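Asker: Take a look at the following structure, please.
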Amino acid sequence: MQTFVTERLVWPETASHLREKVRELVARHGVEDPVGRANSWAKPDPQFSRLLGAEGLIGMVWPKEYGGHERSQMERYVVLEELLAAGAPVGAHWIADRQTGALLLRYGTEEARRRWVPGMARGEVYACIGLSEPGAGSDLAAVRTSARRDEEDWILSGQKVWTTNAHHAHVMIALVRSEAGSTRNEGLSQFVIPMDAPGLSIKPIIDLTGGHDFNEVFLDEVRLPASALVGQQGNGWKQVTAELSLERSGPERYLSSMALLVELIRHAGWDRSEQVENLVARLAAETWTLRMMSAGVAAKIARGEDPALEAAMVKDLGNAFEQAMPELVQAVVDVDPAGPEPLGLVLGHLLQVSPSFSLRGGTREILKGIIARGLGLR
Amino acid sequence: MNDEQRMLADMAEELFASLGHTATLENDWSSIEQVALDGLLLGEDDGGFGGSWEDALVVFRIAGYHGLSLPIAEAAIAAAVARRSSARGTIASHTSGEVAGGRFTGSISGICCGEGAAFVVAPSPAGGSLVIETAALGLEAHESVAGETRHAGTAQDAPVTLVDYDVFAMGALARVAQVAGALDAALARSVEYANERQQFGRALGKFQAVQQALATFAGEAAATNCAAMGAAQAMGRRSAAFAVAAAKLRANRAIGVGTSVAHQVHGAIGFTQEYPLHQLTRRLWAWRSEFGNDAYWSEVLGRRIVARGAENFWADLTASDH
């Protein structure tokens, strides 16, 4: 048994050039706010997104015909890890770049592709994900939001919840029940919904830090043209599952707390305690290993494989690592998590938001279930 | 894996599975020599196979998987460092004493299967490694907690050859590869047992608590395998100081999680001498100490990172990709 088939990692020839380019862009834009650095892929900054779009760093693997740049998956991976490691504010375009653009290019109608994808590649059009509902959290197959036919059009009704950045997004891809009376993962379809569609309304959900990323999205008889159906009618579950592999395997699943490690190393520069140095080593070893794993999954995706099991392991380990880090730092460093020192500020922020790391994008329990099944249990 | 590595893996798999954990130096070393695995890392010009560290990882991992107690990794490293192919050499983890004018006075310990070895490669007190004839060391034998033979010895003004290799790091990487294999084997055994053993009218593997524990174990085994691969690649680039430290540290941490889940899933039967779990878990516990425990590698790695500073951390991590 080898649960994670390893292979030699081959980085693209252009990697060091791309790294330099991203580092230069980030330095020029500035990422001074330490809490912002710890919130990299949740923090929207349209100005930075447009800058990246202009530099050809969004939609890197998409066809040029749709505004993409036809670069390789590993080149894209290099750019992503550089942005995250620097704590750059990539939240505005993150979802569009990671999954929505790819989904539309693969399954969307020509009309939908032309309408949305080029703007995404420019860093001007942002997306959100309409999966969870009040009665469908981990149990996603329980979605009840419905789509019914009205001649050529579709009429959507229902509610989505925990929709990150719905209030900044231009478009949502929603999983809805398109066949009345269907149950579980049958009869589901994906639709592309403009956020300014009549009948769509957004209500903020304030998180425990006082921050606003989450929203409720209400769909009240929202009328959409036939071209809004993404992929095959009734094929929604399969499409979403493939999309989740993209959502789960990226470097954001272990780099969310990188700002804390960087501040800890800075702190260790003058607090020469053995305990702090040991913790730095432990966290660095974990970071280095997770990078090998995450890049390994990226290489498999680049070859067209669907490493769902490996992706689940990377996310589970990555989340456990990110989540443990604030507590470990708090245990060895005497710093006020309310600030004003940068280390304290980052620590205070991550202490409060890290519980969400093993919830978003698939809970720890769901992931471990996927891994167990992959091992041949059940 | 490339084609050559796949052939190497098939050959090692077949041979090591047949040898198993009961193989001994006296009875079975000739079967290793027959297929020249002791010359795996030795250059072709010196009469070896000329393999890379990635090739070695394939073989050492499978040796760990089958709980093999033959010193294949030790012999392969010793031969490569000393550039000797004629007789089996081995490696040691600790040296104290002095080297002056090509002569060594002091003691060497953590020698793996020293008896019958022609020479020993040990860390040199002045950096790099020293090669010493075993005959110059009065050997004392003891057993590791896994029952593997280890020796210590002292030398008085004995001639040594100094070489510019870090045998301690090489030993650490070999252990990481073996740990990766042994963890995968213990995981496979645990999954098999959980699917067979019935309690409360169903297989243990049907219980969610058992499933989740084994999933956690799988993540640790996967991390160790990836760390081993990363370090083997770095060793090939000869820029492995960071990678080996990180990999051994990561592997050491995985051992705790993996062995405790394996034993918990097996229940009392896994605690018996008869049941073949302890050949894996006892080795894992012994290997956690050998060639650097957590404290050792933490100090090496932590000091290095802090000295380089926060601004260089990520740049250094990615600079060694090529």
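The values are calculated or read from the model by the stated rules, or taken from the named source; none is laboratory data. What you see is a predicted model, and the numbers here were worked out from it, not measured in a lab. Note that we place each Cβ from the backbone using ideal geometry, even for glycine, and neighbour counts take in every protein chain shown. When the accessible area is computed, the model is the full protein with side chains, heavy atoms only, and any ligands, DNA or RNA have been set aside. Shrake-Rupley method; radii C 1.70, N 1.55, O 1.52, S 1.80 Å.
Asker: Quick one: if the Förster radius is 60 Å, what FRET efficiency do B:D45 and B:Q198 give, using the C-beta to C-beta distance and rounding to 0.05? Spell out each step's value before the answer.
Answerer: Details: r = 59 Å, r/R0 = 0.98.
Approximately 0.55, to the nearest 0.05.
Asker: Right, another one. Taking only Cα atoms and a 10 Å spring cutoff, compute GNM fluctuations for chain A and point out the largest among A:G137, A:G30, A:G362.
Answerer: A:G30
Asker: With +1 on the Cβ of every Lys and Arg and -1 on the Cβ of every Asp and Glu, and nothing else charged, how large is the dipole of the stretch A:62-187 about its Cα centre, in debye rounded to the nearest 20? Before the final figure, lay out the partial values.
Answerer: On the way: 15 positive and 17 negative charges, 21 e Å.
With only Lys, Arg, Asp and Glu charged at Cβ, the dipole is about 100 debye.
Asker: Right, next: Amide H of A:C128 versus every other amide H placed in the peptide plane: which residues, excluding those fewer than 5 positions away on the same chain, fall under 5 Å?
Answerer: Amide H to amide H, under 5 Å and 5 or more residues apart or across chains, A:C128 pairs with A:V171, A:M172, A:I173.
Asker: Shifting gears a bit: Name the residues of the stretch A:155-171 whose amide N is less than 20 Å from a point 7 angstrom out from the Cα of A:T363 along the C-beta direction?
Answerer: Taking a point 7 Å out along Cα→Cβ of A:T363, the residues of the stretch A:155-171 whose backbone N falls under 20 Å are A:160-164.
Asker: Now a separate question. Leaving out ligands and nucleic acids, and using a 1.4 Å probe, what accessible area per residue does chain B come to in Å²? Don't jump to the answer; show the numbers that get you there.
Answerer: Working: 12980 Å² over 322 residues.
Per-residue value: 40 Å².
Asker: Report, ordered by chain and residue number, the aspartates and glutamates lying within cross-link reach of A:K315, taken as a straight Cα distance under 12 Å and ignoring same-chain residues fewer than 8 apart.
Answerer: A:E247, A:E252, A:E365
Asker: Follow-up question, since we're still on this one. Can you pull the mean other chain C-beta count within 10 Å for peptide B:242-252? Don't jump to the answer; show the numbers that get you there.
Answerer: Numbers: counts 3, 4, 0, 4, 10, 4, 1, 8, 7, 2, 1.
Shielding by partners across B:242-252 averages 4.
Asker: Here is a follow-up. If you average the C-alpha positions of the stretch B:121-183 and of the stretch B:192-232 separately, how far apart do those two centres end up, in angstrom?
Answerer: 34
Asker: Please give the charge dipole size of the stretch B:127-229, origin at the Cα centre, charges +1 on K and R Cβ atoms and -1 on D and E Cβ atoms. Round to the nearest 20 debye.
Answerer: Working: 6 positive and 11 negative charges, 156 e Å.
Dipole of the stretch B:127-229, to the nearest 20 debye: 740 debye.
Asker: Okay, moving on. Could you tell me which residue out of A:L156, A:S72, A:A15 lies farthest along the dipole of chain A toward its positive end? Charges go on the beta carbon: Lys and Arg +1, Asp and Glu -1, centred on the Cα centre.
Answerer: Result: A:S72, furthest along the dipole toward the positive end.
Asker: Okay, next question. What is the Cα centroid distance between the stretch A:137-197 and the stretch A:37-91, reported in whole angstrom?
Answerer: 27
Asker: Still on this model: Once fully extended, how much extra length lies between A:E305 and A:E32, figured as 0.36 nm per residue of separation less the alpha-carbon to alpha-carbon distance? Mind dumping the intermediate values first?
Answerer: Values: separation 273, 0.36 × 273 = 98.28 nm, distance 3.89 nm.
Fully extending the segment from A:E305 to A:E32 adds 94.4 nm.
Asker: For chain B, how big is the tail of P(r) above 38 Å, as a whole percent of Cα pairs? Don't skip to the answer; put the middle values down first.
Answerer: Values: 7826 of 51681 pairs.
I get 15 percent for the Cα pairs in chain B exceeding 38 Å.
Asker: I've got another one for you. Can you give the accessible area of A:K21 in Å² (nearest 10), computed on protein heavy atoms with a 1.4 Å probe?
Answerer: Accessible surface of A:K21 is approximately 60 Å².
Asker: Grab the beta carbon distance between B:H94 and B:E13, set R0 = 35 Å, and tell me the FRET efficiency rounded to 0.05. The partial results should precede the final answer.
Answerer: Details: r = 33 Å, r/R0 = 0.94.
The value I calculate is 0.60.
Asker: Are there any residues in the stretch B:223-240 with a reduction of at least 50 Å² in accessible surface when going from the isolated chain to the assembly of protein chains? Probe 1.4 Å, please list them by number.
Answerer: Correct list: B:C226, B:M229, B:Q233.
Asker: Take A:I155 and A:R114, extend 7 Å from each Cα along the Cα→Cβ direction, and tell me the distance between the two endpoints in nm.
Answerer: 2.9
Asker: Another question, if that's okay. Quick one: putting +1 on the C-beta of Lys and Arg, -1 on the C-beta of Asp and Glu, what dipole do you get for the stretch A:1-127 around its Cα centre, in Debye to the nearest 20? Don't skip to the end; give the middle numbers.
Answerer: Working: 17 positive and 17 negative charges, 38 e Å.
That gives the stretch A:1-127 a dipole magnitude of about 180 debye.
Asker: Show me the GluC sites (Glu not before Pro) within the stretch B:190-281 that DSSP assigns to loop and that have at most 11 other Cβ atoms within 10 Å of their Cβ.
Answerer: Details: sites: B:E192, B:E196, B:E220, B:E274; in loops: B:E274.
Qualifying residues, ordered by number: B:E274.
Asker: Could you tell me the accessible area of B:E140 in Å² (1.4 Å probe, neighbours in place), rounded to the nearest ten?
Answerer: So the heavy atoms of B:E140 present about 140 Å² to solvent.
Asker: Need the per-residue list for the stretch A:294-327: every residue with at least 10 Å² less accessible surface in the complex of protein chains than in the chain by itself, probe 1.4 Å, sorted by number.
Answerer: Residues losing area: A:M313, A:L317.
Asker: Then there's this: Can you compute the modelled spin-label distance between A:T14 and B:A141, with each label point 7 Å from Cα toward Cβ, in nm?
Answerer: With each label point 7 Å from Cα toward Cβ, the separation is 6.1 nm.
Asker: Another question, then. Taking every residue in A:267-280, how many Cβ atoms of other protein chains lie within 10 Å of its Cβ, on average?
Answerer: Working: counts 2, 7, 5, 1, 1, 2, 0, 5, 2, 2, 9, 9, 2, 9.
Mean partner shielding for this stretch: 4.
Asker: Can you list the residues of the stretch B:273-322 whose accessible area drops by at least 50 Å² going from the chain on its own to the full set of protein chains, with a 1.4 Å probe?
Answerer: B:V306, B:A310, B:F313, B:W314, B:L317, B:D321, B:H322
Asker: Right, another one. Please identify the trypsin sites (Lys or Arg not before Pro) of the stretch B:190-254 that satisfy two criteria: DSSP loop assignment and at most 13 other Cβ atoms within 10 Å. Which are they?
Answerer: Details: sites: B:R197, B:R202, B:K206, B:R237, B:R238, B:K248, B:R250, B:R253; in loops: B:R197, B:R237, B:R238.
Those satisfying the criteria are B:R237, B:R238.
Asker: May I pose another question? Pop out the carbon and sulfur fraction of the accessible area of the protein assembly as shown as a percent, whole number, probe 1.4 Å. Let's see the in-between values first.
Answerer: Details: 13920 of 27820 Å².
On the protein assembly as shown, the fraction of accessible area on carbon and sulfur atoms equals 50 percent.
Asker: When the helix-only estimate is applied to chain B (DSSP H runs of n ≥ 4, each -39,500 (n - 2.57), divided by the residue count), what is the mean residue ellipticity at 222 nm, nearest 500 deg cm²/dmol? Walk me through the numbers before you get to the answer.
Answerer: On the way: 10 runs with 170 residues, N = 322.
Result for chain B, helices only: -17500 deg cm²/dmol.
Asker: Still on this structure, I have one more. Work from the charge dipole of the stretch B:105-223 (Cβ charges, +1 for Lys and Arg, -1 for Asp and Glu, about the Cα centre) and give the residue of B:G110, B:L162, B:L187 farthest towards its positive end.
Answerer: Checked the options; the winner is B:L187.
Asker: Further question on the same structure: Within the stretch A:122-170, report the trypsin sites (Lys or Arg not before Pro) that DSSP leaves as loop and that have at most 14 other Cβ atoms within 10 Å.
Answerer: Details: sites: A:R122, A:R144, A:R148, A:R149, A:K160; in loops: A:R122, A:R144.
Those that pass, being in a loop and sparsely packed, are A:R144.
Asker: By how many nm would the segment from A:E327 to A:Q352 grow when fully extended, if each residue of separation counts as 0.36 nm and the alpha-carbon distance is taken off? Write down the numbers at each step before the final one.
Answerer: On the way: separation 25, 0.36 × 25 = 9.00 nm, distance 1.07 nm.
Fully extending the segment from A:E327 to A:Q352 adds 7.9 nm.
Asker: Taking 2.2 N^0.38 Å as the expected size of a compact globular protein, what ratio does the Cα radius of gyration of the protein assembly as shown give against it, to two decimals?
Answerer: Values: Rg = 27.7 Å, N = 700, 2.2 N^0.38 = 26.5 Å.
The value comes to 1.04.
Asker: Now, a different point. Along the Cα→Cβ direction, 7 angstrom out, place labels at B:Q156 and A:D334. What is the inter-label distance in nm?
Answerer: Those two pseudo-labels are separated by 5.4 nm.
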